[in-house]
Amino acid sequence: MNVQIEPTWKERLAGEFDKPYFQQLAEAVRREYASGTCYPPGRMIFNAFNLCPFDRVKVVIIGQDPYHEPGQAHGLSFSVQDGIQFPPSLQNIFKEISNDLGTQMPATGNLTRWAEQGVLLLNATLTVRAHMANSHAALGWQQFTDAAIRVLANEREHLVYMLWGGYARSKAYMIDKTKNLVLESVHPSPLSANRGGWFGQHQFSRCNAYLENNGTTAIVW
């Protein structure tokens, strides 16, 4: 795996690429992609970083791993490519945005438009085997993506971290809540959201208010 990653991220994560775990991870990913269908396409593995340079990050949304069905994953958490039906979690995200901000449901589930505004859509595990959720969870990606969260937490402040569900919320210990806004809730999946704690939290308007109060432009959700 030839690491092609945006320069500002490459500079800050350079130390990770030479560590034994990353060498083992790279070899494991190569084997997986060579032996069968995996997602996202190889050129999109680091899409979250490439579309959202380090110095432009305003918001961090942490997912668990990529969607695992054809045409969905393209390297951004919760996002699907143009023309793909919205997965249930993404439907609930859009419903809450509509309720919170009074906006219309979008025509596409492609969240590149968020990434380009400074939303880091980071999956903890960056690859997956087709039709097998969490199949690459043990390869070592989490050490790398935790390093990305730590470097943001250490070098940036006044960011908004949206931690949805128990897995994402387990990353909260790395973030200084006195210097950033941390919005925690249940996961937007129907199983969790329908039990309460997702709808009506006004996370998106709260996020924008925080950004504007700290001299940063709001996100057009």
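The values are calculated or read from the model by the stated rules, or taken from the named source; none is laboratory data. Remember, predicted model here, so these are calculated numbers, not experimental data. Neighbour counts are summed over all protein chains in view; Cβ atoms, including those assigned to glycine, are modelled from backbone coordinates with ideal geometry. SASA here: full protein model, heavy atoms, side chains in, ligands and nucleic acids out. Shrake-Rupley method; radii C 1.70, N 1.55, O 1.52, S 1.80 Å.
Odds and ends about this structure:
- For the peptides 132-142, 96-106, residues were scored by their other Cβ atoms within 10 Å and the scores averaged per peptide; the highest-first order is 132-142, 96-106.
- Per residue accessible area in Å² of the chain, where ligands, DNA and RNA are left out and the probe is 1.4 Å: 45 Å²
- Of the solvent-accessible surface of region 105-151, computed with a 1.4 Å probe and all protein chains present, 54% belongs to carbon and sulfur.
- Simple spin-label estimate for residue 86 and residue 194 in nanometres, 7 Å along Cα-Cβ: 1.7 nm
- Length-normalised contact order for the chain - Cα pairs under 8 Å, 6+ apart - percent: 23 percent
- Using alpha carbons only, the radius of gyration of the chain set against its Kirkwood radius gives Rg/Rh = 0.94.
- Mean separation of Cα contacts under 8 Å (6+ apart) over length of region 12-112, as relative contact order %: 20 percent
- Theoretical FRET efficiency, 1/(1+(r/R0)^6), r = Cβ-Cβ of residue 105 and residue 19, R0 30 Å, to 0.05: 0.10
- Entry note, region 154-221: relative contact order of 29 percent, from Cα contacts under 8 Å with a spacing of 6+ residues.
- Debye, to nearest 20: dipole size of region 44-97, +1 on Lys, Arg Cβ, -1 on Asp, Glu Cβ: 160 debye
- Each peptide in 20-28, 111-119 gets a packing score, the mean of other Cβ atoms within 10 Å over its residues, and the list from highest to lowest is 111-119, 20-28.
- Nearest-0.05 FRET efficiency for residue 10 and residue 173, computed from C-beta distance (R0 25 Å): 0.45
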